[in-house]
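Heads up, the thing below is written out as structure tokens.
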Amino acid sequence: MKLFISYRRKTWAFTHLLYQQLGAVIQDDIFMDLEGIDQADFEKSILGHLHTSHVVLLVVTELTFADRIHNNADWVRREIREALQRNIPIVLISVENQLPPHGLPDDIKDVARSQAVMFYPDYFSPAIDRLADFLVKMRVATRRPVASESQSSAPDAKPISGRSTMGEALDLLEAGELDKGIFLLEELLKGGYKSNNFDLASILNQARTQRDVGIRERTAQYDYDELLELTKRKFTQEAGLEAFKKWCVLYPELIEQLDVANLRQQITSPPPVRTTTPPPDPEATNLLRELDDIQTPHSRRLEIGQRLAKIGDPRPGIGILPNGVPDISWCLVQKGRNITIENTNFTVKPFYVAKYLTTNTHYGAFVNAKDGYNNPEWWKLFP
């Protein structure tokens with residue numbers, strides 16, 4: 001496999017360290033423009049390497065999406081654009097929580113949907129291990145059987161150790177720096193840190209839940225800003241309002257907070273608003289984390305499902321909205337490639353699919369509704 005590193009020249013020191021340490025733990029080819037290429041061959045060489053890569057690692061600092069990103073000839077923009085157009089996965093190397101901002105040019109705005117791996121210079125080596133594990137799960141990299149002898153710890157790296165690291169993590173959570181705080185808590189848990197006074201896993205799950213709420217809100221804001229632009233123009237206003245209806249289904253609890261243009265007054269049927277729900281039970285949160293782990297066997301998944309049925313499943317898209325309508329989480333499937341079935345060509349257009357299969361609770365709402373199970377209208381096409 002081959003990896004391509006995209007970066008700004010001013011971040012060369014960080015990126016070179018990334019290149020060295022990642023290369024020491026995975027055995028795949030990593031391309032980084034180390035010493036520059038003659039101008040005559042620059043474009044051909046860079047694009048040639050990018051086009052033959054299986055993943056792009058985009059180093060994201062405060063400089064990555066500065067003003068020059070709006071220059072169509074900017075090389076970082078070109079590399080992002082080429083990767084997106086060719087469906088080459090992009091992994092964000094987020095330095096000190098830096099992520100793509102709103103307002104990016106249309107040709108690269110979808111980079112904001114890319115998965116990020118957090119990097120903190122003081123804790124560089126643990127971040128390298130996380131990145132290597134993530135790339136292996138993506139099946140774009142293979143770990144070396146034994147770490148290379150040339151691998152060295154990042155300069156001035158802080159050790160992950162007991163009470164002092166725990167105190168730093170709690171200070172970060174208190175200050176709202178959730179990603180870095182979670183990073184340290186996860187490293188402590190992985191290292192076997194335990195306390196007689198509190199449950200580290202519970203604190204970690206609470207922090208993760210709060211972070212996930214923030215991620216969901218940022219995603220909703222990104223999608224809302226995009227569809228809002230459609231509604232501002234007569235030619236695309238109808239399409240924008242249709243997109244807003246779907247957005248309301250996806251983010252019912254954020255409608256009142258994020259719909260600053262009051263689009264809900266422009267649609268014929270007001271969207272159902274999900275009331276604020278209490279934080280999920282810590283046990284449920286732990287069980288959901290297990291479900292997210294691809295290594296969890298099917299037998300354990302069955303046990304988790306049965307337990308969640310008893311204690312309550314907090315995931316959006318599982319239950320019922322306050323108005324009695326099934327709460328369904330819709331996922332947008334972006335436009336795919338052209339396919340041929342029985343000598344007929346088809347273009348896969350964007351569509352929405354439910355994140356979860358129909359649940360017993362969903363079906364119960366249909367059975368119990370006055371216009372549900374007993375209405376013959378719903379059974380016309382059944383034998």
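The values are calculated or read from the model by the stated rules, or taken from the named source; none is laboratory data. This one's a predicted model, so the numbers in the text were calculated from it and none came from an experiment. Cβ placement follows ideal geometry from the backbone for every residue including glycine, while neighbour counts extend to all protein chains displayed. These area figures cover heavy atoms from the full protein model, side chains too; ligands, DNA and RNA do not enter into them. Shrake-Rupley method; radii C 1.70, N 1.55, O 1.52, S 1.80 Å.
Surrounded by fewer than 15 Cβ atoms within 10 Å (Cβ to Cβ) and modelled with pLDDT of 90 or more: is that true of E149 in this structure?
Values: surrounded by fewer than 15 Cβ atoms within 10 Å (Cβ to Cβ): yes; modelled with pLDDT of 90 or more: no.
Against the criterion (surrounded by fewer than 15 Cβ atoms within 10 Å (Cβ to Cβ) and modelled with pLDDT of 90 or more), E149 does not qualify.
When the criteria are applied in full, L63 meets the requirement of being assigned to a loop (DSSP other than H, G, I, E, B), in contact with a Ser or Thr (Cβ under 8 Å, 6 or more places away or on another chain) and free of Cβ contacts under 8 Å to residues at least 60 places away in the same chain.
Among the residues of the stretch 66-78, the ones that are part of a loop (DSSP other than H, G, I, E, B) and open to solvent by 70 Å² or more (accessible area, probe 1.4 Å) come to 2 in all. Candidates E79, E96: the one that is on the phi > 0 side of the Ramachandran plot and at pLDDT 90 or above is E96.
Output the qualifying pairs, or none if there are none: Cβ atoms under 7 angstrom, residues six or more apart or on different chains, first residue in the stretch 5-28 and without any contact (Cβ under 8 Å) to a residue 40 or more places away in the chain, second residue open to solvent by less than 10 Å² (accessible area, probe 1.4 Å) and part of a strand (DSSP E or B). Pairs that qualify, where the first residue is without any contact (Cβ under 8 Å) to a residue 40 or more places away in the chain and the partner is open to solvent by less than 10 Å² (accessible area, probe 1.4 Å) and part of a strand (DSSP E or B), are Y19/I5.
Selection of first residues in the stretch 68-79 that are more than 14 Å from G103 (Cβ to Cβ) and touching a residue at least 40 places away in the same chain (Cβ under 8 Å) and of second residues that are open to solvent by 50 Å² or more (accessible area, probe 1.4 Å) and of a type in the set (D, E, K, R), restricted to Cβ pairs under 9 Å at least 6 apart or on distinct chains, gives the following pairs, ordered by first then second residue: V76/R68.
So which of A207, A157 ends up being touching a helix residue (DSSP H, G or I) at 6+ places or on another chain (Cβ under 7 Å), modelled with pLDDT under 85 and either among the hydrophobic types (A, V, I, L, M, F, W, C) or more than 25 Å from L287 (Cβ to Cβ) (or both)?
On the way: A207 fails: modelled with pLDDT under 85.
Going through A207, A157 in turn, the sole match is A157.
Restricting attention to the stretch 299-320, which residues are more than 19 Å from T359 (Cβ to Cβ), of a type outside the set (G, A, S) and surrounded by fewer than 12 Cβ atoms within 10 Å (Cβ to Cβ)? Can you show your working first?
Keep residues of the stretch 299-320 that are more than 19 Å from T359 (Cβ to Cβ), which gives 299-300.
Next cut, of a type outside the set (G, A, S) only: 300.
Residues satisfying the conditions do not exist here.
Residues are listed down the side, and each one gets a yes or a no for (1) outside any helix (DSSP H, G or I); (2) at pLDDT 85 or above; (3) not basic (K, R):
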{"position": "L227", "(1), (2), (3)": "no, yes, yes"}
{"position": "T236", "(1), (2), (3)": "no, yes, yes"}
{"position": "G240", "(1), (2), (3)": "no, yes, yes"}
{"position": "Q265", "(1), (2), (3)": "no, yes, yes"}
{"position": "T275", "(1), (2), (3)": "yes, no, yes"}
{"position": "N286", "(1), (2), (3)": "no, no, yes"}
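Can you tell me which residue in the stretch 160-207 is most open to solvent (accessible area, probe 1.4 Å), limited to those that are among the basic types (K, R) and over 20 Å from A127 (Cβ atoms)? If we take residues in the stretch 160-207 being among the basic types (K, R) and over 20 Å from A127 (Cβ atoms), then R163 is most open to solvent (accessible area, probe 1.4 Å).
In this entry, Y352 passes the filter for residues that are outside any loop (DSSP other than H, G, I, E, B) and at pLDDT below 80.
How many residues are open to solvent by 40 Å² or more (accessible area, probe 1.4 Å) and more than 18 Å from T219 (Cα to Cα) if we restrict to the stretch 80-106?
6
The set of residues in the stretch 94-119 being assigned to a helix (DSSP H, G or I) and in contact with a strand residue (DSSP E or B) (Cβ under 8 Å, 6 or more places away or on another chain) consists of V111 alone. When you look at T296, is it surrounded by 11 or more Cβ atoms within 10 Å (Cβ to Cβ), hydroxyl-bearing (S, T, Y), outside any loop (DSSP other than H, G, I, E, B) and at pLDDT 75 or above, yes or no? So T296 fails the test. Whenever a residue of the stretch 317-346 is modelled with pLDDT of 80 or more, its partners that are open to solvent by 60 Å² or more (accessible area, probe 1.4 Å) and of a type in the set (K, R), lying with C-beta atoms within less than 9 angstrom and at least six residues away or across chains, give the pairs G317/K355; I328/K355.
Do we find a residue being small (G, A, S), assigned to a loop (DSSP other than H, G, I, E, B) and touching an Asp or Glu at 6+ places or on another chain (Cβ under 6 Å) anywhere in the stretch 318-335? Within the stretch 318-335, one or more residues are small (G, A, S), assigned to a loop (DSSP other than H, G, I, E, B) and touching an Asp or Glu at 6+ places or on another chain (Cβ under 6 Å). So, E43, is that one outside any loop (DSSP other than H, G, I, E, B), within 22 Å of the chain's Cα centre (by Cα) and of a type in the set (D, E) or not? When the stated conditions are applied, E43 does not pass them.
Yes or no: T15 part of a loop (DSSP other than H, G, I, E, B) and among the β-branched types (V, I, T)? In short, no.
Selection of the stretch 39-63 for residues being among the β-branched types (V, I, T) and in contact with a Phe, Trp or Tyr (Cβ under 8 Å, 6 or more places away or on another chain) yields I46, V55, V56, V59, T61.
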